[in-house]
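Engineer: Sharing a structure here in structure tokens format.
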Amino acid sequence: MQTFPQLEVLFESARVGVRMGLPAALESAYGSDLWLPPECVVANFVESVDGVVAFSDVGRESGAIVSGGSAADRFLMGLLRACADAVLIGAGTFRATKNDFWFPESIFPDAAPLYAELRRALGLAQRPTLYVVTGTGRIDRAHPALREGGVLIEGRFQPREILAPMRGAGHRRILCEGGPGLFAELLAAGLVDELFLTVSPRLFGRWTGDGRKALAEARDLGGTPLALLSVRRNGGHLFLRYRCG
């Protein structure tokens, strides 16, 4: 029998939203079933203890570096993708990951059959649709994710305009995986409903001009309040979930 990383539940508030009905093995690994709002924008990030989320000069996806390759973090990312109608990313995140498809099984292949079973039970398409936001159009249009149905949102748009084509296509549950600039734009506009934040037990440090990014970039968020919904743990990693606004 396949075994998955186990997330120990340290705190869980009242469950609200729609019950996802996780297959037994996924429910056991997550520590409970999962409830999500029926229509929402949910963000998912991993950050170090000193707040580093992304690097500008590593030539590969930052999340794996920040998480230290955490299997539990990858499992949760796959689970959230499996529950989403669509995945939304910015051009920087897209360019940093040259061979990803942003499918559930891409990040955690061991759970691929169960992610697929979950999507069927939820009445979702075989895989979430990827949307890539680019203001400049400087995108590798031969990227495999675009050949597999990824959609470009090209131009300088306001946050609500970014979501408009996704809502128009019938996508109700949208998962934003960054980067920090796109997340900050959506949050500042009051469009992010929940944040899943993995805190990795690593320290990277920062200095002037290093290009390292924090969770939210280039926006004054005015002390946006967050309500803690759950805390989980796997080893030294903490898995926090917040309601935004």
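Engineer: Go through region 61-108 and give me each residue that's of a type in the set (Ser, Thr, Tyr) and in a helix (DSSP H, G or I).
Structural biologist: Ser62, Ser67, Thr93, Ser106
Engineer: Something else now. I'd like to know if region 126-140 contains one or more residues that are open to solvent by 60 Å² or more (accessible area, probe 1.4 Å) and at pLDDT 95 or above.
Structural biologist: Among the residues of region 126-140, at least one is open to solvent by 60 Å² or more (accessible area, probe 1.4 Å) and at pLDDT 95 or above, which makes the answer yes.
Engineer: Hey, another quick one. Would you point out the residue of region 201-226, among those that are open to solvent by 40 Å² or more (accessible area, probe 1.4 Å) and among the small types (Gly, Ala, Ser), that is farthest from Ser70 (Cα to Cα)?
Structural biologist: So the residue we want is Gly222.
Engineer: Another one. Can you run down the residue pairs with Cβ atoms below 8 Å, 6 or more apart or on separate chains, where the first is in region 82-106 and under 21 Å from Ala71 (Cα atoms) and the partner is part of a strand (DSSP E or B) and among the basic types (Lys, Arg)?
Structural biologist: Cys83/Arg173; Ala84/Arg173
Engineer: Applying the selection to region 208-245, what residues are among the hydrophobic types (A, V, I, L, M, F, W, C), closer than 22 Å to Val16 by Cβ and either touching a Phe, Trp or Tyr at 6+ places or on another chain (Cβ under 9 Å) or not in a strand (DSSP E or B) (or both)?
Structural biologist: Listed by number, the residues that qualify are Leu226, Ala227, Leu228, Leu229, Val231, Phe239, Leu240.
Engineer: Hey, can you tell me all the residues within region 62-75 that are in contact (Cβ under 8 Å) with a residue 12 or more places away in the chain, open to solvent by 10 Å² or more (accessible area, probe 1.4 Å) and among the aliphatic types (A, V, I, L, M)?
Structural biologist: Answer for region 62-75, where residues must be in contact (Cβ under 8 Å) with a residue 12 or more places away in the chain, open to solvent by 10 Å² or more (accessible area, probe 1.4 Å) and among the aliphatic types (A, V, I, L, M): just Ala71.
Engineer: Quick one: which helices (runs of 4 or more DSSP H) lie wholly within region 137-207 and hold at least 1 residues that are touching a residue at least 12 places away in the same chain (Cβ under 8 Å) and of a type in the set (Asp, Glu)?
Structural biologist: In region 137-207, the matching helices (runs of 4 or more DSSP H) lie at 180-188.
Engineer: Something else now. Of the conditions (1) open to solvent by 50 Å² or more (accessible area, probe 1.4 Å); (2) assigned to a loop (DSSP other than H, G, I, E, B); (3) of a type in the set (Ser, Thr, Tyr), Ser28 clears all except one; give me its number.
Structural biologist: (2) is the only condition that Ser28 fails.
Engineer: When the residues of region 109-136 are narrowed to those that are in a loop (DSSP other than H, G, I, E, B) and not basic (Lys, Arg), which ends up farthest from Ala29 (Cα to Cα)? Lay out the reasoning, then the answer.
Structural biologist: Going through region 109-136, the residues in a loop (DSSP other than H, G, I, E, B) turn out to be 123-128, 135-136.
Narrowing further to those that are not basic (Lys, Arg): 123-126, 128, 135-136.
Numbers: Gly123: 22, Leu124: 22, Ala125: 24, Gln126: 22, Pro128: 22, Gly135: 39, Thr136: 41 Å.
In this case the residue turns out to be Thr136.
Engineer: State all residues of region 34-51 that are open to solvent by less than 10 Å² (accessible area, probe 1.4 Å) and not in a strand (DSSP E or B); if no residue qualifies, say none.
Structural biologist: Within region 34-51, just Leu34 meets the criteria.
The values are calculated or read from the model by the stated rules, or taken from the named source; none is laboratory data. The model shown is predicted, which means the values in this text are computed figures rather than measured ones. Cβ coordinates were reconstructed from backbone atoms using ideal geometry, including for glycine residues, and neighbour counts include every protein chain displayed. Accessible surface is based on the protein model in full, side chains and every heavy atom, while ligands, DNA and RNA are left aside. Shrake-Rupley method; radii C 1.70, N 1.55, O 1.52, S 1.80 Å.
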